[in-house]
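Each remark here refers to the structure printed beneath this line.
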Amino acid sequence: MSLKPSPIDHPDPPLDAKMLDGLADPVFMVDHTSVVVGCNSAARDLLGPEALGRKLHLILSNKNIVETILGTLDGKPKSHTEFSLRYPNGRDYQLRLWRLPDLKSAGPAWVMVIMHDVTDVNKAAQLRADFVANVSHELRSPLASLLGFIETLSGPARDDPQATNRFLEIMESEAKRMSRLIDDLLTLSTVETQEHIRPTASVKIGPILKRVAETLSVQAKERDMEIILNLNRNLPLITGEPDQLTQVFQNLVANAVSYGTIKTPIRILTSTHSGILDEGNAGVSIAIVNQGEGIEPADLERLTERFYRADKSRSRSMGGTGLGLAIVKHVVARHRGLLEIKSIPNDETSFTVHLPSAGS
């Protein structure tokens, strides 16, 4: 005669985790022998389809997570804790753990684990902290210079006309630098606030590009450079806000002039495209191309980050705030477009803005 196993020796989990397949967070259950006895769909995606029935330490690479779960099984529960799981997906998770039954109940226990992804929350918090630190750093230097010059002009250089003129020029430059930074910060804040609101006006991109080319032609001539506008006559209307689009192309063309090699042309090329990101939305592509030192591959992905500069000393010497390309990125996103950057070191660099046509 066969004997049925004792429910104490081989207990069934009090809940089938598959019932929680509708949850976005990974949920799994571990029994008193540290074997995974239940997984919802998100947990199977994260831990692998073979996770069910395996020991905990064989499916989780983070020893701290394993020890926390086992500690909960042993009667040392933690309501929640946060860990980074570098494999397989490099994300941050907040673990929420429940011991079933509770500590007062006799017999074997289980732990239900919910892994809540907090990567984006942590990243946003870090971005805010970095933003405050960067703004403080960018303002501290010119403010220190201004205070130093004011102190000098009030003391040793009080009766020195040459020193006074020289210091006043530097003070004016530093004050303008702070003014540009504040203007760009206000612009960036406005653009980010409006990013979810798509513009509604129909705009011709040709006249905007012509004005930008004319406005920056003087700056280009100072470096013996020429801005060449190749305007396609059959460009469709796009949905956009003229002032913001003007700012986008002024930033991109000004950067091309500043970072291009002297006596080389700046080309503005326009064309139509059949769709952005294969979404089938026809529209316009505008490429700003210059020749120069170019951008290293390691810097390309970070160029649109706030305050990121591939060449910090050169950017500051030219009056850059480190926010121009961040503004460009958010304006293009508001217009449901795409910014594409390509660069060959010591050759050609192109910034291409793809914008959907009106009605797309």
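Which entries in the list K55/K76; K210/K342; K63/K123; K176/K342; K204/K329; K263/K342 go over 26 Å, if you measure between the two C-alpha atoms of each? In this structure, K176/K342 lie more than 26 Å apart at Cα. The P(r) of the chain has a tail past 30 Å containing 58 percent of all C-alpha pairs. Our note on the geometry: Cα centres of the stretch 26-68 and the stretch 185-225, 52 Å apart.
Taking only the alpha carbons of the stretch 196-271, we obtain Rg and Dmax values of 13.4, 41 Å in that order.
Taking the average, over residues, of other Cβ atoms within 10 Å as the packing measure, peptides 262-269, 118-125 rank 262-269, 118-125 from highest down. Per residue, the convex hull spanned by the alpha carbons of the stretch 85-197 comes to 211 Å³. Computed from Cα atoms, the angle from the helix 119-154 axis to the main principal axis of the chain rounds to 40 degrees. By the rule of a C-alpha distance below 17 Å, with chain neighbours fewer than 8 residues away ignored, no aspartates and glutamates are paired with K221.
None of the figures in this text is laboratory data; all of them are computed from the coordinates on show. Computed from a predicted structure; not experimentally measured. Counting neighbours? That spans all protein chains shown, and the Cβs are built from the backbone with ideal geometry, glycine included.
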